[in-house]
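First the structure, in the form of structure tokens, and then the observations on it.
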Amino acid sequence: MAVVQKWREGMSSDNVKGLVLALSSSLFIGASFIVKKKGLKKAGASGIRAGVGGYSYLLEPLWWAGMITMVVGEIANFAAYAFAPAILVTPLGAVSIIISAVLAHIILRERLHTFGILGCILCVVGSTTIVLHAPQERQIESVTEVWDLATEPGFLFYTALVLTAVFILIYQFVPQYGQTHIMVYIGVCSLVGSISVMSVKALGIALKLTFSGTNQLVYPQTWAFTLVVITCVLTQMNYLNKALDTFNTAVVSPIYYVMFTSLTILASVIMFKDWDGQSPTQILTEMCGFVTILSGTFLLHKTKDMADGPGLSTSLSMRSLKHEEDDGFGEGIPLKRQDT
């Protein structure tokens with residue numbers, strides 16, 4: 001109770017707004033997966049399934065409802081970065097996994113394994129730990145202040161390392177190992193993603209200040225951040241699609257979440273100095289919360305196709321058949337996607 005009371009007294013109004021927006025984003029995004037899947041199943045019953053190249057889902061209102069729900073969630077996530085530090089917002093993306101898993105259990109009748117329930121609990125415990133010990137949002141009065149932070153030697157060095165690694169991966173490793181090593185595509189997505197989140201946060205702050213009466217659109221830095229956001233997001237989407245098209249989604253999702261979230265927190269700590277003013281105990285507690293979320297996420301993904309009871313081994317052997325029925329292609333090996 002003392003921790004909760006201290007949190008209530010110390011958490012700024014901006015952090016509270018960011019927390020509410022991040023949780024709302026997870027709610028909308030988690031629900032959108034279920035609505036879209038219902039739409040895909042309904043469209044597939046009367047036309048060619050999306051998994052085998054069909055586009056009948058584009059005529060299905062339920063699928064569009066899911067897409068709109070996802071867009072609303074992404075907008076809320078974008079706004080959350082304008083109010084709260086990335087170390088608070090980014091890990092809360094795991095809440096959407098919980099919502100998706102629970103709704104799938106209730107609406108789609110996809111059984112949630114006992115270890116899946118434990119994974120949900122771990123995600124909740126980890127998220128709560130981070131929320132209770134999250135640093136305060138830095139008070140910024142102009143987008144030029146964000147630009148000054150982005151051009152400090154520490155973050156410039158991090159950006160140079162990221163760009164070097166990305167170019168090496170794209171031009172040296174993607175042609176040779178992209179189809180066989182999952183970390184190549186995910187590495188590009190995660191590295192670029194950490195820069196995109198910092199730019200999204202800068203752009204969000206600029207828009208927040210503009211809507212509050214201090215126009216930031218007259219500064220060239222605002223448009224520079226916009227250009228970086230567009231470039232990074234397009235690169236992310238391109239290589240994430242390549243990863244999803246090549247490898248098993250159940251493997252891609254948790255690895256991408258771990259790498260993307262870890263690098264985003266690192267970039268935020270370097271650029272916005274989120275840990276300045278925090279004690280080592282608070283920082284360690286936040287890291288423990290993050291590791292707890294990662295553990296819960298892996299449990300959820302590893303057990304999402306498993307069933308309780310004596311038929312566990314049968315359920316494991318039927319995983320590839322279930323994917324074939326849902327997606328229109330088989331997944332005969334755990335890592336690499338295998339088209340029929």
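The values are calculated or read from the model by the stated rules, or taken from the named source; none is laboratory data. These figures come from a predicted structure and were not determined experimentally. Note: ideal-geometry Cβ built from the backbone for every residue, glycine included; neighbour counts use all protein chains shown. Only protein heavy atoms, including side chains, enter the accessible area calculation; ligands, DNA and RNA are left aside. Shrake-Rupley method; radii C 1.70, N 1.55, O 1.52, S 1.80 Å.
Scan Leu209, Leu234 and give me the residue that is free of Cβ contacts under 8 Å to residues at least 40 places away in the same chain and either open to solvent by 80 Å² or more (accessible area, probe 1.4 Å) or assigned to a helix (DSSP H, G or I) (or both). Let's see the steps before the verdict.
Working: Leu209 fails: free of Cβ contacts under 8 Å to residues at least 40 places away in the same chain.
Result of the check over Leu209, Leu234: Leu234.
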Point to revise | Check on Ile283, surrounded by 20 or more Cβ atoms within 10 Å (Cβ to Cβ) and either within 23 Å of Thr128 (Cβ to Cβ) or of a type outside the set (A, V, I, L, M, F, W, C) (or both) | key: no
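Regarding Leu132, is this residue touching a residue at least 40 places away in the same chain (Cβ under 8 Å) and either farther than 27 Å from Glu286 by Cα or surrounded by fewer than 19 Cβ atoms within 10 Å (Cβ to Cβ) (or both)? Step through it out loud before you land on a result.
Values: touching a residue at least 40 places away in the same chain (Cβ under 8 Å): yes; either farther than 27 Å from Glu286 by Cα or surrounded by fewer than 19 Cβ atoms within 10 Å (Cβ to Cβ) (or both): yes.
Spelling it out, Leu132 is indeed touching a residue at least 40 places away in the same chain (Cβ under 8 Å) and either farther than 27 Å from Glu286 by Cα or surrounded by fewer than 19 Cβ atoms within 10 Å (Cβ to Cβ) (or both).
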Point to revise | Residues located in region 79-108, provided they are open to solvent by 20 Å² or more (accessible area, probe 1.4 Å) and modelled with pLDDT of 90 or more | key: Ala79, Phe83
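With respect to Tyr171, determine if the residue is part of a helix (DSSP H, G or I), open to solvent by 70 Å² or more (accessible area, probe 1.4 Å), farther than 18 Å from Ser25 by Cα and hydroxyl-bearing (Ser, Thr, Tyr). Break it down into steps so the answer makes sense when it comes.
On the way: part of a helix (DSSP H, G or I): yes; open to solvent by 70 Å² or more (accessible area, probe 1.4 Å): yes; farther than 18 Å from Ser25 by Cα: yes; hydroxyl-bearing (Ser, Thr, Tyr): yes.
Yes; evaluated as a whole, the condition is true for this residue.
Looking at this structure, is Thr222 buried (at least 19 other Cβ atoms within 10 Å of the Cβ) and closer than 21 Å to Ile168 by Cα?
Details: buried (at least 19 other Cβ atoms within 10 Å of the Cβ): yes; closer than 21 Å to Ile168 by Cα: no.
In short, no.
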Review point. Touching a residue at least 60 places away in the same chain (Cβ under 8 Å) and either open to solvent by 50 Å² or more (accessible area, probe 1.4 Å) or out of contact with any strand residue (DSSP E or B) (no Cβ under 8 Å at 6 or more places or on another chain) (or both): does that describe Ile182?
Key: no
